[in-house]
1. Checking Q85 against (1) closer than 25 Å to A17 by Cα; (2) in contact (Cβ under 8 Å) with a residue 12 or more places away in the chain; (3) out of contact with any Phe, Trp or Tyr (no Cβ under 8 Å at 6 or more places or on another chain): exactly one of these is not met. Which one?
2. Would you mind finding the one in S60, S49, S129 that is near the ligand (Cβ under 10 Å from one of its atoms) and surrounded by fewer than 19 Cβ atoms within 10 Å (Cβ to Cβ)?
3. Every residue in the stretch 63-80 that is surrounded by fewer than 23 Cβ atoms within 10 Å (Cβ to Cβ) and small (G, A, S), please.
4. List pairs: first in the stretch 91-105 and within 11 Å of R64 (Cα to Cα) and touching a residue at least 12 places away in the same chain (Cβ under 8 Å), second assigned to a loop (DSSP other than H, G, I, E, B) and more than 7 Å from the ligand (Cβ to nearest atom), Cβ under 8 Å, 6+ apart or cross-chain?
5. If a residue has to be out of contact with any strand residue (DSSP E or B) (no Cβ under 6 Å at 6 or more places or on another chain), near the ligand (Cβ under 9 Å from one of its atoms) and under 26 Å from A147 (Cα atoms) to count, how many in the stretch 79-100 make the cut?
6. Could you list, in sequence order, the residues of the stretch 88-101 that are under 19 Å from A152 (Cβ atoms) and assigned to a loop (DSSP other than H, G, I, E, B)?
7. Take residues that are of a type outside the set (A, V, I, L, M, F, W, C) and out of contact with any strand residue (DSSP E or B) (no Cβ under 9 Å at 6 or more places or on another chain) and tell me which of the strands (runs of 3 or more DSSP E) falling wholly in the stretch 106-168 contain 1 or more.
Amino acid sequence: MDAEAALIERQEQFRYALASLASGVSVVTCVGDSEVDHAMTASAVTSVSLDPPLVLACVSRTARFWEAISSVEHWGVSVLSARAQQHAQWLATPGRPLAGQLDRVPHRRSTRGYALLDESLAWLECTTSEVVRAGDHDIFIGSVDCATRSEANDPLLYWRREYYALEK
Ligand SMILES: Cc1cc2nc3c(=O)[nH]c(=O)nc-3n(C[C@H](O)[C@H](O)[C@H](O)COP(=O)(O)O)c2cc1C
């Protein structure tokens, strides 16, 4: 096996193993120049610190969202309800048109102007405090200006490349 084939196999093994890590699903949002809405489905969103309140979002440097979040200070996280599965799928679709991408995704505006999705369990309003380069992703550490929870209690989960709803 040549070096390139070995690298691809290692990457596949990495992906295959890490797909076992069940996660919640969020949509990270910001608003760019000319008031364009940017949004990306993300499972790599994690709580980091309580005092001060910090969260992180890992964003691929090849995602269009990376350019958007890199050029703003403020961004939001909507922690999705299982009812938002279609929206998660849509906002993870490579090459979807950016203009109007939230037209069929019910949302409201944060005080900073970016979208927060209605079908969510919680919302975080963040200001970038640090960006850490990590391989082909950047880790955006956000200071949480406001954290709120909805009445919904039906998280959207992702495991081994499929969506699930929680059953008790
Ligand atoms: C369930 C799920 C979770 C994802 N989590 C992340 C993530 O944490 N970070 C990331 O950069 N991409 C993640 N992606 C991939 C992006 O959503 C996808 O590449 C998207 O098309 C990027 O859009 P953009 O290029 O328009 O910004 C995830 C995809 C899915 C389906």
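1. (3) is the only condition that Q85 fails.
2. Going through S60, S49, S129 in turn, just one is near the ligand (Cβ under 10 Å from one of its atoms) and surrounded by fewer than 19 Cβ atoms within 10 Å (Cβ to Cβ): S60.
3. Scanning the stretch 63-80 gives A63, S70, S71.
4. L98/V36
5. Going through the stretch 79-100 one residue at a time, the tally reaches 1.
6. L91
7. It comes to 162-165.
Yes/no per residue for (1) in a strand (DSSP E or B); (2) closer than 22 Å to T111 by Cβ:
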position	(1), (2)
D51	no, no
C58	yes, no
A68	no, yes
V79	yes, yes
Q86	no, no
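We did not get these values from a lab; they are worked out from the coordinates using the rules stated. Nothing here was measured: the structure is a model prediction, and the numbers come from that model. Here the Cβ is made from the backbone with ideal geometry for all residues, glycine too, and neighbour counts use every protein chain on show.
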